[in-house]
Amino acid sequence: MNPLIKRRKNRGVSLNFLLIAFGLLIGFSVFVLAGPSWGSSSTVNYTTDEEDVYYHNLSANITGYGGDITFAINTIGTNITWTNASGTFNVTEAEISPWIKIYDINTGNLTINATYDNQTGFFTIPIQATNTTDEEFAGTVFEFQVNATNDFPVFSSSQTVYNWTRDSYSEYEINVTDEEFHYPINYTLTQVNCTHAEGTGRDDNQNCTIFSLTETSNTTAIVNLSAIGDEVGVYWFNLTITDFNLGCPHSSCVSSTYEVNRTTYKLVKFNVFSNAESKGEHG
Ligand SMILES: [Ca+2]
Ligand SMILES: [Ca+2]
């Protein structure tokens with residue numbers, strides 16, 4: 001063989017070898033250095049409601065997830081934003097951590113557990129996924145809408161038995177709170193039944209409405225024994241509290257399901273004792 005041809009052939013083999021090796025090196029580098037791949041579904045707006053505990057499995061948004069990734073909120077380049085009744089604000093991870101948190105960095109369990117209206121709204125949260133093998137990472141932004149719900153007003157005290165002595169002017173205070181400050185609260189007493197002591201000359205369930213209920217502030221009402229006479233007996237009422245008719249606090253709320261005039265009731269027992277009876281007969 002012509003030595004010149006042999007040399008050219010050897011040079012061609014070397015060049016091909018270099019090209020293949022270079023290609024493999026590039027391909028290998030891309031394979032090794034590529035960060036996790038977020039699927040397109042990661043930026044979809046996810047919705048939950050106040051009072052519902054919502055779990056989001058972040059790993060389900062990783063294409064080809066193999067258990068070798070950790071997840072974290074990363075605000076170095078992108079802020080968390082919160083849109084509520086007052087506007088849109090940048091907030092820190094610590095500010096929302098009481099109700100929005102990644103509980104398990106390895107499985108990507110992001111949990112939202114909003115329990116108050118002032119934890120609701122629209123959140124954009126930058127999430128970083130990092131390979132455990134080479135620390136390559138990739139970020140994306142998740143959007144969560146947390147709808148507000150109107151909570152029932154609640155009695156501040158669990159007291160259900162109230163005692164009077166006939167002719168007395170003592171009064172009882174009923175205290176209420178409402179999470180959304182939907183005031184004023186409407187208070188009502190609805191008769192269930194009453195029984196009178198012997199000798200009063202009254203039939204059961206007659207002349208039951210001898211109590212007055214007067215609202216004295218947004219959160220307080222006073223129950224009084226309003227009659228003086230032969231009222232000795234036992235009276236049962238439903239005591240109800242209804243919050244004021246106010247709608248959604250912001251756009252992250254479904255007005256058709258944001259219930260208004262929420263009402264809480266409790267069955268209460270009013271004892272009216274004669275002057276001679278012991279008030280030790282409570283209950
Ligand atoms: Ca609420
Ligand atoms: Ca309420």
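Show the residue pairs meeting these rules: Cβ distance below 9 Å; 6+ apart or different chains; first residue within the stretch 179-203 and within 16 Å of ligand 1 (Cβ to nearest atom); second residue of a type in the set (Gly, Ala, Ser) and not in a loop (DSSP other than H, G, I, E, B).
That search, which allows pairs on different chains as well, returns TYR183/SER217; ILE185/ALA221.
Look through the stretch 134-150, keep the residues that are in contact (Cβ under 8 Å) with a residue 40 or more places away in the chain and out of contact with any Ser or Thr (no Cβ under 9 Å at 6 or more places or on another chain), and return whichever of them is surrounded by the most Cβ atoms within 10 Å (Cβ to Cβ).
Only one residue fits best here, namely ASN150.
Keeping to the stretch 227-270, report how many residues are closer than 30 Å to THR200 by Cα and either among the β-branched types (Val, Ile, Thr) or touching a helix residue (DSSP H, G or I) at 6+ places or on another chain (Cβ under 9 Å) (or both).
5
For the stretch 16-66, which residues satisfy the criterion of being modelled with pLDDT of 55 or more, small (Gly, Ala, Ser) and part of a helix (DSSP H, G or I)?
SER40, SER41, SER42, SER59, ALA60
Filter the stretch 70-90 down to residues that are in contact with a helix residue (DSSP H, G or I) (Cβ under 7 Å, 6 or more places away or on another chain) and not in a strand (DSSP E or B), then give me how many there are.
Qualifying residue count for the region: 1.
Going by the conditions given, is THR160 more than 30 Å from THR63 (Cβ to Cβ), within 16 Å of ligand 1 (Cβ to nearest atom) and among the hydroxyl-bearing types (Ser, Thr, Tyr)?
no
Just wondering, is there one or more residues in the stretch 123-142 that are within 16 Å of ligand 1 (Cβ to nearest atom) and β-branched (Val, Ile, Thr)?
No; the residues of the stretch 123-142 include none that is within 16 Å of ligand 1 (Cβ to nearest atom) and β-branched (Val, Ile, Thr).
Taking the conditions exactly as written (exposed (fewer than 15 other Cβ atoms within 10 Å of the Cβ), at pLDDT 95 or above and under 38 Å from the mean Cα position of the chain (by Cα)), does ASN218 satisfy them or not?
So ASN218 does not fit the description; no.
From ASN163, ASN131, grab the single residue that is outside the structural domain of LYS266 (by TED's automatic domain parsing) and surrounded by 15 or more Cβ atoms within 10 Å (Cβ to Cβ).
Just one listed residue meets the conditions, ASN131.
How about the stretch 90-123: which of its residues are under 26 Å from ILE62 (Cβ atoms), in contact with a strand residue (DSSP E or B) (Cβ under 6 Å, 6 or more places away or on another chain) and β-branched (Val, Ile, Thr)?
Matches in the stretch 90-123: VAL91, ILE100, ILE102, ILE105, THR111, ILE112.
The conditions are (1) within 16 Å of ligand 1 (Cβ to nearest atom); (2) within 26 Å of VAL260 (Cα to Cα), and PRO98 fails exactly one of them. Which is it?
Tallying (1) within 16 Å of ligand 1 (Cβ to nearest atom); (2) within 26 Å of VAL260 (Cα to Cα), PRO98 fails exactly one: (2).
Considering only the stretch 155-188, state which residues are of a type in the set (Val, Ile, Thr) and farther than 13 Å from TYR116 by Cβ.
Across the stretch 155-188, the qualifying residues are THR160, VAL161, THR165, ILE174, VAL176, ILE185, THR188.
Which count do you get for residues in the stretch 237-248 that are modelled with pLDDT of 95 or more and surrounded by fewer than 16 Cβ atoms within 10 Å (Cβ to Cβ)?
Total meeting the criteria: 1.
For a quick check of your reading: which strands (runs of 3 or more DSSP E) sit entirely within the stretch 91-191 and have at least 3 residues that are more than 16 Å from ligand 2 (Cβ to nearest atom) and closer than 23 Å to THR48 by Cβ?
Here the list reads 100-104, 109-112, 121-131, 137-147.
The values are calculated or read from the model by the stated rules, or taken from the named source; none is laboratory data. Please read these numbers as outputs of a predicted model, since none were measured by experiment. Methodologically, a virtual Cβ is constructed for each residue, glycine included, from the backbone with ideal geometry; neighbour enumeration extends over all protein chains shown.
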